[in-house]
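Scroll down for the structure; my scribbles are underneath it.
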């Protein structure tokens, strides 16, 4: 008989803001926003301390709005290299118990501890030890959700924030899903939530009344997922990071970029970093991919496959700028840009009038 899976979702509490309050005693106990201030081009809240959240300040909110909600709020520029370093330390703690780790971002990850390195056996005890290690060694707090699948574990981690631990036992999963408000379902945005509300679908139990075909008819392919998850079925594996098939770099800006000139300047810097990394590993790639994240956190990518593999800064930068023209940036503010190279093995491209093949995708 197959073992019952044991999945933990670890979510750091107000991660960026908590790191800043840890490192700067003068920020402790005060409403704090990590992100660009409202002056100039206007900033966006990357993270808010719990003191700031009491005023209704949330991530992705314009800094101007945050200032309106709390005139005393402190704005701190992000220190992403520091957050990355702390995230690596957290990951090292995870690896003491399992190598089946799927990072979702710098501050959260899934862990499969069905079989753990230390033969502890109890997922609850493993989560307790991880949280204690994070608190003792890094002076930060984390919340944990524990259950038999990723979906339920992720929702459970949000139940007793901050510094909480929630376990949803196998026998409780289906009842838990029936009571869950549909707006708590991952992937259900405001538009879909309003559509469900208009259909009289307020909880998992309401969704459960519909057949799988009906759910697909109303909501598309995700209807299959809704049908399974309200019955406690989520067979997705925890997927550890695989060997990278690309080399890249990206940067998140303290201020939103609004002009092409600003974006070109940043792309040149990023291209230099990518080129250095490629040369370090003695790699050349044919496919250049540009990543753009807007101020509202919508993200797109654009790719261009060149005739020959490259690794030089000039070609990478110029290609990225060419792709930027295809990103439909009119009146849009940009908070992140990234460049990556892939396709490291030379492949012949069918002859075309142009020297490159263009692939566009969202």
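The values are calculated or read from the model by the stated rules, or taken from the named source; none is laboratory data. All of these numbers come straight from a predicted model, not from anything done at the bench. FYI the Cβ positions are ideal-geometry reconstructions off the backbone, even for glycines, and counts take in every protein chain you see.
Some observations on this one:
To keep it simple, each residue is scored yes or no on (1) under 30 Å from residue 46 (Cβ atoms); (2) in contact (Cβ under 8 Å) with a residue 12 or more places away in the chain; (3) not assigned by TED's automatic domain parsing to the domain that holds residue 61.
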| position | (1), (2), (3) |
| --- | --- |
| 263 | yes, yes, yes |
| 270 | yes, yes, yes |
| 276 | yes, no, yes |
| 282 | no, no, yes |
| 296 | yes, yes, yes |
| 306 | no, yes, yes |
| 310 | no, yes, yes |
| 316 | yes, yes, yes |
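- Residue satisfying condition, being under 30 Å from residue 62 (Cα atoms), at pLDDT 80 or above and more than 26 Å from the chain's Cα centre (by Cα), within set 299, 322: 322
- Within region 7-56, restricting attention to residues that are at pLDDT 90 or above, buried (at least 24 other Cβ atoms within 10 Å of the Cβ) and part of a loop (DSSP other than H, G, I, E, B), the residue that is farthest from the chain's Cα centre (by Cα) is 49.
- Checking residue 83 against (1) within 15 Å of the chain's Cα centre (by Cα); (2) within 27 Å of residue 234 (Cα to Cα); (3) touching a residue at least 24 places away in the same chain (Cβ under 8 Å), the condition it does not meet: (2)
- Out of 89, 143, one residue alone is modelled with pLDDT of 95 or more, assigned to a strand (DSSP E or B) and under 23 Å from the mean Cα position of the chain (by Cα). It is 143.
- Failed item, numbered, when residue 196 is tested on (1) without any contact (Cβ under 8 Å) to a residue 24 or more places away in the chain; (2) surrounded by fewer than 19 Cβ atoms within 10 Å (Cβ to Cβ); (3) part of a helix (DSSP H, G or I): (2)
- Yes/no for residue 188 being part of a loop (DSSP other than H, G, I, E, B), in contact with a helix residue (DSSP H, G or I) (Cβ under 8 Å, 6 or more places away or on another chain) and within 29 Å of residue 301 (Cβ to Cβ): yes
- Qualifying residue in region 127-145 (condition: more than 26 Å from residue 51 (Cβ to Cβ) and surrounded by fewer than 17 Cβ atoms within 10 Å (Cβ to Cβ)): yes
- Test: residue in region 146-165 that is out of contact with any helix residue (DSSP H, G or I) (no Cβ under 7 Å at 6 or more places or on another chain), part of a strand (DSSP E or B) and either surrounded by fewer than 19 Cβ atoms within 10 Å (Cβ to Cβ) or assigned by TED's automatic domain parsing to the domain that holds residue 252 (or both): no
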